[in-house]
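All of the numbers you see were taken from the coordinates with simple rules; none came from a lab. No experiment lies behind these values; they were computed from the predicted model shown. Cβ: placed from backbone, ideal geometry, glycine included. Neighbour counts: every protein chain shown.
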């Protein structure tokens, strides 16, 4: 028998064995959401109760399933992520292969992808993922099970005998606990969505090892990259084992005491310079900060920790009021992917990592569950339709790692030290954390639409969907149109309704069965305090005029500038749509109310109903007198238009899909 036949036979036997194990590990899925608190009065509805049926978010999920997932699976195979696990699961291959990739934490990209695939495989009918996706899922789960060490440890880099470092030797950069966090989240998703507990068994063994090593009486240190905290809390929520919640709380309180070994970056980069409860500002690496805060919010909710809640509110306010871009992006520094100082928000150097957008939404969602306050959802919405959505190309196969708010006309004028690189979005990265993160977040969007509190169903985000609990059908073209129709199909469960009125909205109106009702939205919620019955129809109207935004004068680069938005969508101007040089365009806030919003598909794959904004503007020459002209008192005047033009703006998240050209979110203000 040839070697190829032996290998094929062995593969077939493993697949048959894995299929048998999978069948034994399957139970009835709970379809609970990704975040399922045990404490507090608010419970989000998951995929068992919410289905996105149409509109923009359904289009994103379809693109995720049909384009982003297949593309990512191919890139993961090409990059060798599965091969890294295979060489540990099948030691005979060690002599013929080497670890592939620059970083020791690349297993996380498989784990994040599996989390998203669990959702896609749980969908019904034509919305279910294809056979190739299922095959990847089965292959990866099988390799993960077989690669796990007897004591529960799992990391394809540190388990390899040809790697010079030992497990747990480099907590600052090895990210083994970060790996575990993403494994747990994938395992919880597989259990809840598919009733498949194979990964949960693996994750619990690894988590038990972490409890033994870092729990009571163990090493009082933390991982260099927070993430494990929110995963451990969710593991307690799934299993009822409080040891995991206790370990999460310990990691929260240990951070800030200088346990992370410092190389290259200071302690603030790791949020290890001061305890979280004492921080007066969000700081350091943006993704790490938001992941840490999200996990801390979980801990505060489950343990009723008031002092931690107060600290988190303070940090959120600091971020919201001085650290976020108008798009909701977080992180202004490329050198250390850091948040930066207050009001340090350069447009062309905005880092705003796509993973940071996801982390910010994760934190915001948890803050809402803990407080019930609509303001957290307003920011969630801004991030969703702008900083997050921009990270993926319109065809679903290319990604932004960082998300600038400006691209200069001479962007390709290089210093001589910079290598030529791909323009705009890329198909993959050396550190490909963002693409799998997009897969899982897009797959889980329905988990963030509706929440039940007592007898009231809260609609947190608007999308065309069907919602159980009050049994609703929601019809809308949001975020492009502010008309939202809600039909009550049945009145079992919750009988009252609360509708979020976004902070950007003025003059919202509501009719119930054709009769207008009082629309006083207290604290961002319009509550329908009458019991609803099958057949009732509610029509919510959220007017969406184009509006202008200025910036705090402490944001130095944005003085005398404005940005345009409509509804939750921030707009930008791309040079290809405009005759006038974008640097010369001069927009007056007085002209903004006359701006026109028209439905136009910006790209072949942009969502139907997408609105493009046009308005009349001036054209003003640039100042003369050199780079730093002298200002003489009797000659100083504001910029004045020397001509007129029509400016066309497209949704920021769609920029860069039609070629490389100048782009601006912020325009000169007349």
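Values computed for the structure shown
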quantity: Inter-label distance for residue 166 and residue 492, nm, one decimal - labels placed 7 Å from Cα along Cα-to-Cβ; calculated: 5.8
quantity: Per-selection metrics, the chain (Cα): Rg and Dmax in Å; calculated: 25.6, 95
quantity: Cα-based helix-to-principal-axis angle, 198-214 vs the chain, degrees rounded to 10; calculated: 90
quantity: Order of 366, 243 - criterion: other Cβ atoms within 10 Å of each residue's Cβ, fewest first; calculated: 243, 366
quantity: Highest to lowest packing among 578-590, 109-121, 346-358, scored as the average C-beta count within 10 Å; calculated: 109-121, 346-358, 578-590
quantity: Residue 503 paired with residue 590, simple spin-label distance in nm, labels 7 Å along Cα-to-beta-carbon; calculated: 3.0
quantity: Length added when fully stretched, residue 640-residue 483, from 0.36 nm per residue minus Cα-Cα; calculated: 52.6 nm
quantity: Residue order, fewest to most surrounding Cβ atoms within 10 angstrom, among 552, 536; calculated: 552, 536
quantity: Tilt relative to the chain, helix 434-443 - C-alpha long axis, 0 to 90 degrees, to 10; calculated: 90
quantity: Cα centroid separation, region 84-150 to region 578-630 (Å); calculated: 46
quantity: At 1.567 mPa s and 4 °C, Stokes D of region 450-541 from Kirkwood alpha-carbon radius, µm² per second; calculated: 99
quantity: Stretchable slack from residue 126 to residue 257, in nm (0.36 nm times residue separation minus alpha-carbon distance); calculated: 42.0 nm
quantity: Relative contact order of region 48-236, pairs being alpha-carbon contacts under 8 Å that are 6 or more residues apart, as %; calculated: 23
quantity: At 1.002 mPa s and 20 °C, Stokes D of region 48-236 from Kirkwood alpha-carbon radius, µm² per second; calculated: 124
quantity: Length-normalised contact order for the chain - Cα pairs under 8 Å, 6+ apart - percent; calculated: 13
quantity: Rounded to 10°, Cα long-axis angle of helix 69-79 versus longest principal axis of the chain; calculated: 60
quantity: Inter-label distance for residue 95 and residue 212, nm, one decimal - labels placed 7 Å from Cα along Cα-to-Cβ; calculated: 3.2
quantity: Shape metrics for region 130-199, restricted to C-alpha atoms - Rg then Dmax, Å; calculated: 13.8, 40
quantity: Sorted by Cβ neighbour density within 10 Å, fewest at the top, the residues 474, 339; calculated: 474, 339
quantity: Diffusion constant of region 63-166 at 25 °C, which comes from Stokes-Einstein with the Kirkwood Cα-pair radius and 0.890 mPa s, µm²/s; calculated: 170
